[in-house]
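In what follows, a structure is listed as structure tokens, so that the remarks can point back to it.
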Amino acid sequence: MAATMEELLEGLNHDLAAEFQAVITYRLFASLCTGPWRQEVRAFFESEIPDELEHARFLADKIVALGGTPTTEPLPVTLTRNNREMFEIAHRAESETIERYEERVRQADALGLTALKVQLEDMIVDETRHKEEIERRLLNWKE
Ligand SMILES: [Fe+2]
Ligand SMILES: [Fe+2]
């Protein structure tokens, strides 16, 4: 599917809004989690934040470099006080993010933007690691 620069920039801004959403979500989940495993859950969500911030940094820099204006708005944040729901929300978000980056790789490739394509592929590696780690936590969650 051919892509225009305008479509790519619109997509990258959606991706940036989703990374802002991830930073806020993981920060607040780390604060809201409860129960005997609170410290473990808190440390897990906190440990994801630096990756998402680095993705936001890359996207904001790239949007500017391509002549666009970075968004100031995160996607809507869904809160819960239930630990399991936190992981389910995070799992959905990571899966959707991987799909969006795969689409963005195709757009970057169609426009001949090789460095962007490679960087997006690296971000797919990070998000897949996040997703698989969350999957393994949910797998043996008995309650
Ligand atoms: Fe991310
Ligand atoms: Fe992630």
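The values are calculated or read from the model by the stated rules, or taken from the named source; none is laboratory data. In this text, all values refer to a predicted model and were calculated from it rather than measured experimentally. Here the Cβ is made from the backbone with ideal geometry for all residues, glycine too, and neighbour counts use every protein chain on show.
Just one residue in the set 41, 64 is more than 15 Å from ligand 2 (Cβ to nearest atom), more than 30 Å from residue 106 (Cα to Cα) and modelled with pLDDT of 95 or more; that residue is 41. Only one entry of 74, 70 meets the criterion of being in a loop (DSSP other than H, G, I, E, B), more than 12 Å from residue 21 (Cβ to Cβ) and within 16 Å of ligand 1 (Cβ to nearest atom), and that entry is 70.
If you take the residues in region 111-143 that are within 16 Å of ligand 2 (Cβ to nearest atom) and of a type in the set (S, T, N, Q), which one is surrounded by the most Cβ atoms within 10 Å (Cβ to Cβ)?
Within region 111-143, the match that is surrounded by the most Cβ atoms within 10 Å (Cβ to Cβ) is 119.
Taking every residue in region 22-40 that is of a type in the set (Lys, Arg) and pairing it with any residue that is part of a helix (DSSP H, G or I) and modelled with pLDDT of 95 or more, at least 6 positions away or on another chain, the pairs with Cβ-Cβ distances below 7 Å are 27/49.
Restricting the first member to region 53-79 and to residues that are in contact (Cβ under 8 Å) with a residue 24 or more places away in the chain, and the second to residues that are surrounded by fewer than 13 Cβ atoms within 10 Å (Cβ to Cβ) and outside any helix (DSSP H, G or I), the beta-carbon pairs closer than 9 Å and six or more apart or on different chains are 63/69.
Being within 15 Å of ligand 2 (Cβ to nearest atom), surrounded by 20 or more Cβ atoms within 10 Å (Cβ to Cβ) and at pLDDT 95 or above is not true of residue 108. Residue by residue through region 10-45, note down the ones that are away from ligand 1 (no atom under 16 Å from the Cβ) and aromatic (Phe, Trp, Tyr). Hit for region 10-45 is 37, nothing else.
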